[in-house]
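Single-structure report; data block below.
We did not get these values from a lab; they are worked out from the coordinates using the rules stated. What you see is a predicted model, and the numbers here were worked out from it, not measured in a lab. Cβ atoms come from the backbone with ideal geometry, glycine included; neighbour counts cover every protein chain shown.
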């Protein structure tokens with residue numbers, strides 16, 4: 001289906017919005033995540049989502065990695081905007097979300 005373009009007041013072409021129809025494939029999965037790692041290259045961003053499932057005897061947290069999502073920087077930036085809109089709406093409806101400060105990692109040259 002060819003994309004429909006419209007010319008903006010600045011003379012640049014923009015894609016007209018399309019009507020979206022969502023279809024779940026047989027491979028669709030739904031996961032819970034309370035841990036995320038983000039990696040990037042000059043071409044894409046990769047998010048690995050996992051769940052903290054317990055403690056290791058050595059004191060480490062065990063994170064079971066569940067799914068990896070890779071997207072273009074442009075798509076990631078658009079996602080950040082959508083997430084920010086939804087977080088603002090959530091806090092307006094349910095109150096401010098408090099975030100725990102992250103633990104600082106040990107200094108690289110610190111003696112153990």
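Some observations on this one:
- Estimated inter-spin distance, residue 19 and residue 91, nm [label 7 Å along Cα→Cβ]: 3.7
- Spin-label pair residue 56/residue 80, simplified geometry with 7 Å Cα→Cβ offset, distance in nm: 3.1
- On the beta carbon distance between residue 100 and residue 71, with R0 = 35 Å, the FRET formula returns roughly 0.80.
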